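See structure below.
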Amino acid sequence: MSNDEKKKANHNEEKSDLKGTFVSVMILGVFLVISWIGAFTLFLSR
Amino acid sequence: MHLHKYEKIWLTFGIGALVIFLIVLGYGAFYKGTHPQSHGVTIDQNNIESNEAFKPENLGLTKVDDDKYIINIAASAFNYDLGKDEEGNVVKHIRIPKGSKVLFQATSKDVIHGFNVAGTNVNMMVEPGYISSLEVAMNKPGTYTIVCNEYCGVGHHLMYATLEVYE
């Protein structure tokens, strides 16, 4: 691999698209927080 | 170390959630005194009368103060012993004024039972050899069913009583 090619490969990794991962992580996170708040509210209100 | 912009966001979110949950847990445990309902208070399961709280005359409802009550329960297959009233009848219905603080203390003579006042936070395992206790403020009027929610044998469904919170 030439130096130029190496640079290009590194560059591609840095720009890797994590949008899908981000959205799925956030969906999971929001689901966890909502269920936790739901259970905790139930505990406090009874 | 290089972190992707999105990685920073979800790591902050995750660690933040963990910190919040731990703070709530710590507040409950150290400030509000929340503890597992059975926390190492032992009793002789074959002689529960040796403990003051579980003497036959102390079972059931006892008024301690104006709005403070204690309910002692001796669980056995398949009955919740809530003591006897003045006429000597078995108590299966307990009445408590709204807003009172009630300390539930329960133990089992035989197997594991699950003491549950349905619709409230009173829900605890009752193990032979241990005393389970939980203090709860009864703020919502209504009639609640006390059940056993831990399968304890063929008569499991016969273990019930009622608790009435009146205005």
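The values are calculated or read from the model by the stated rules, or taken from the named source; none is laboratory data. As the structure is a computational prediction, the values presented were derived from the model and not from experiment. Cβ placement follows ideal geometry from the backbone for every residue including glycine, while neighbour counts extend to all protein chains displayed. Only protein heavy atoms, including side chains, enter the accessible area calculation; ligands, DNA and RNA are left aside. Shrake-Rupley method; radii C 1.70, N 1.55, O 1.52, S 1.80 Å.
Give all pairs with beta carbons closer than 7 Å in which a residue from the range A:29-46 that is more than 21 Å from B:LEU11 (Cβ to Cβ) meets a residue that is of a type in the set (Asp, Glu) and open to solvent by less than 100 Å² (accessible area, probe 1.4 Å); count only pairs at least 6 apart in sequence or on separate chains. Correct list of pairs: empty, since none qualify. Restricting to the range B:130-148, name every residue that is over 20 Å from B:LYS92 (Cβ atoms) and exposed (fewer than 15 other Cβ atoms within 10 Å of the Cβ). Matches in the range B:130-148: B:GLU135, B:ALA137, B:ASN139, B:LYS140.
The residue list B:ASN116, B:ASN58 contains one member that is under 16 Å from the mean Cα position of the chain (by Cα) and either over 16 Å from B:ASN139 (Cβ atoms) or away from chain A (no Cβ under 14 Å) (or both), which is B:ASN116.
The set of residues in the range B:11-22 being surrounded by 12 or more Cβ atoms within 10 Å (Cβ to Cβ) and farther than 13 Å from A:VAL33 by Cβ consists of B:LEU11 alone. In the range B:23-40, the residue that is farthest from the other protein chains (Cβ to nearest Cβ) out of those that are open to solvent by less than 100 Å² (accessible area, probe 1.4 Å) and at pLDDT below 90 is B:GLY40. Restricting attention to the range B:72-104 and to residues that are aliphatic (A, V, I, L, M) and touching a residue at least 60 places away in the same chain (Cβ under 8 Å), the residue that is nearest to B:GLN37 (Cα to Cα) turns out to be B:ALA75. Inspection of the range B:105-122 identifies no residue that is without any contact (Cβ under 8 Å) to a residue 12 or more places away in the chain and acidic (Asp, Glu). The set of residues in the range B:106-122 that are buried (at least 18 other Cβ atoms within 10 Å of the Cβ), in contact with a Phe, Trp or Tyr (Cβ under 8 Å, 6 or more places away or on another chain) and over 11 Å from B:ALA75 (Cβ atoms) comprises B:VAL117, B:THR120, B:VAL122.
The condition (being within 11 Å of another protein chain (Cβ to nearest Cβ) and modelled with pLDDT of 90 or more) is satisfied by just one residue among B:ILE43, B:ILE48, B:ILE20, B:ILE15: B:ILE20.
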